[in-house]
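Trainee: This is the structure, below, for whatever I ask next.
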Amino acid sequence: MAFWSLGGSVLGFLTALAGRNMIWICTEAVESTVHRHLEDQLGFLAKRDPELHALIASIQEQELAHLRTAESSQKGRGPSHALLLPVVGALTDLMIWLSTWGDSSWMRAEMARAGRG
Ligand SMILES: [Fe+2]
């Protein structure tokens, strides 16, 4: 957990150095990646665990608000957006994959097998 906290702090510090707009771009990248993973979880849980599905859906609602704030707070979308979004998104994907011990990939494969991937 200390590792994720350090990673988040370093990422936040570096983007803060680059200015306010970079912070919002970084936030958009993290939030949109989280949103995609929540979508996967909702798809997976829909028929398997309705109670957990409802909980994740309420979390997703909050995360969507963060994403919309990050998107609407940016001043235009230049090359820094095009460059930073996929890089931070990929790093976030990696962090999620590592913290779930690869279960995020397993879940996606399982859904594809079930014909909902
Ligand atoms: Fe968030």
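All of the numbers you see were taken from the coordinates with simple rules; none came from a lab. As the structure is a computational prediction, the values presented were derived from the model and not from experiment. Glycine gets a Cβ as well: all are built from the backbone with ideal geometry, and neighbour counts include every protein chain shown.
Trainee: Within segment 13-54, which residues are of a type in the set (Val, Ile, Thr) and under 18 Å from ALA90 (Cβ atoms)?
Mentor: THR15, ILE25, THR27, VAL30, THR33, VAL34
Trainee: Can ALA16 be described as out of contact with any His (no Cβ under 7 Å at 6 or more places or on another chain) and either crowded, with 18+ Cβ neighbours inside 10 Å or basic (Lys, Arg) (or both)? Before you say what the answer is, go through the steps one by one.
Mentor: Numbers: out of contact with any His (no Cβ under 7 Å at 6 or more places or on another chain): yes; either crowded, with 18+ Cβ neighbours inside 10 Å or basic (Lys, Arg) (or both): no.
So ALA16 does not fit the description; no.
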